[in-house]
């Protein structure tokens, strides 16, 4: 067995080494830094989770509540910075966000500030008119699944129009 592993070792090409005069590309350096940062995040997260294991339920709920507030704050901050960045980029092109979003977003969904339609008043919906009534007084509007009473009457050979209101 020693001979086969020795043969394999001879067949594999030696690893390429960077010459001392060449510097690593900025992309490779950035990738290495991201890997290092990700490893550090994993270590920090493991430490945090180990410290949380000793807490009681009430304390853990407080941690969750604080984390939720922090997530909301960071989300709002990122949204604001994104909108500011997009606004600046649009202005650099001589456009406004309304010009961009107006082309993509339908008028009915677009906010009023961007030229959309105002929301309808919150009035109550009226109930639908009854279209069919059974001999026993049950009703159906004609929408949705056909009620059992009408299915059984149609199976007996009666027509749906006979029960129209």
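The values are calculated or read from the model by the stated rules, or taken from the named source; none is laboratory data. In this text the structure is predicted, and so the values were computed from the model without any measurement. Reconstructed Cβ throughout: ideal geometry from the backbone, glycine too, with neighbour counts over all protein chains shown.
Summary table
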{"read-out": "Residue identified as modelled with pLDDT of 90 or more, assigned by TED's automatic domain parsing to the domain that holds residue 100 and over 30 Å from residue 100 (Cα atoms) among 58, 41", "value": "58"}
{"read-out": "Check on residue 48, in a loop (DSSP other than H, G, I, E, B), surrounded by 10 or more Cβ atoms within 10 Å (Cβ to Cβ) and without any contact (Cβ under 8 Å) to a residue 40 or more places away in the chain", "value": "no"}
